[in-house]
Amino acid sequence: MALVGKIVSGATRLIFERPGSILMWGLLLLVGMIGIGLILFAMQSVLVGRDPTQPVSPGAGIIVQLVLQLLYMALTAVIGSAVFRAVLDRENGRGFSIRFSADELRVFALLVIMFLLYWLAAIFLGLIIGFLSSFLNFASQGNTAMLGWLTIGLWLLLAGFMTWVWVRLSTALPLVLIRKRISIDNAWDLTRGHFWPLLAGYLIVGVIAAAIALALLYPFFGDLFHAFVLAFVDPEAARYSTSRFLGRQINASGAVKIGQALAMWLAVTIVYALNFASVATATRWLLIEDGELEEDELY
């Protein structure tokens, strides 16, 4: 389980060693999301026109969603490459490591390919589950309880399969920066036999990122968190916590609202950085373990 510790320590070390870079990546994320929002507003204005009640054709709606996905993937490619470069590239990882180069284009292309493969797989597997659900409905002879549990089991199997594929391909993006080409098959080979350590490392980093985000957001959204937890045990208390939160929001000062916005921005930035760093760190140590790289070649 040494790989688990290396993933966790390598990802979290980024917070202490590169705080300025993390803030700059977060600023780029913020500017990018604002830009995407403005583009969305402009596209909706063109499609809908001056009459907001005018219906938008399904084709136009699909085009808008595709454009937004492409823009989001382009932003992810730039920020993700910056984090990967900071972890993997000794020469070019200094500073904020933000580039607009061929590496980013390759990462973007790989994200598009993975996005298309994901949806094709989801549609195909969804059809299979639909067919199996119909068969189970017939086999259970109207036993809705049994059918419900069997259907839940099928969806859990689908989620487990998609998680397995995601972990096996998780090193594909960082490998682009190292090998200067798209290498899905190399990522599959690199992670062979390491599924459980990789999954454990990613989950631990995810929990750490969530804990940091919670610590940042709790002072401003504590009542809302309480309401979410209480909703499962005491709906009345949950409604009270929600009402109290909304009342405080209405009466909140400008400084409090600015603090909320900054906390949310910083929380999202840290989650982004830690998750990308965990994947880059895993790629680094797997390459070292395979003898492809020497430990002193990388950070």
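The values are calculated or read from the model by the stated rules, or taken from the named source; none is laboratory data. No experiment lies behind these values; they were computed from the predicted model shown. In this analysis, Cβ positions are derived from the backbone assuming ideal geometry, glycine residues included, and neighbour counts consider all displayed protein chains. All accessible areas refer to the heavy atoms of the entire protein, side chains included, with ligands and DNA or RNA removed. Shrake-Rupley method; radii C 1.70, N 1.55, O 1.52, S 1.80 Å.
One table, with the values for the structure above:
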item: Segment 266-284 - residue that is under 11 Å from the mean Cα position of the chain (by Cα) and open to solvent by 20 Å² or more (accessible area, probe 1.4 Å) and, of those, farthest from Pro174 (Cα to Cα); result: Val268
item: Subset of segment 71-91 [closer than 20 Å to Val279 by Cβ, open to solvent by 70 Å² or more (accessible area, probe 1.4 Å) and modelled with pLDDT under 85]; result: Arg90
item: Qualifying residue in segment 208-227 (condition: modelled with pLDDT of 85 or more, assigned to a helix (DSSP H, G or I), under 30 Å from Ala121 (Cβ atoms) and open to solvent by 30 Å² or more (accessible area, probe 1.4 Å)); result: yes
item: Options Leu262, Leu286: the member that is free of Cβ contacts under 8 Å to residues at least 60 places away in the same chain and in a helix (DSSP H, G or I); result: Leu262
item: Long-range neighbours under 9 Å by Cβ, at least six apart or interchain, first residue closer than 25 Å to Leu40 by Cβ within segment 69-91, second of a type in the set (S, T, N, Q) and buried (at least 18 other Cβ atoms within 10 Å of the Cβ); result: Ser81/Ser97; Ala82/Ser21; Ala82/Ser97
item: Check on Leu125, open to solvent by 40 Å² or more (accessible area, probe 1.4 Å), more than 23 Å from Ile7 (Cβ to Cβ), in a helix (DSSP H, G or I) and at pLDDT below 90; result: no
item: Complete set of residues in segment 177-207 that are surrounded by 14 or more Cβ atoms within 10 Å (Cβ to Cβ) and outside any helix (DSSP H, G or I); result: Ile182, Ser183, Thr191, His194
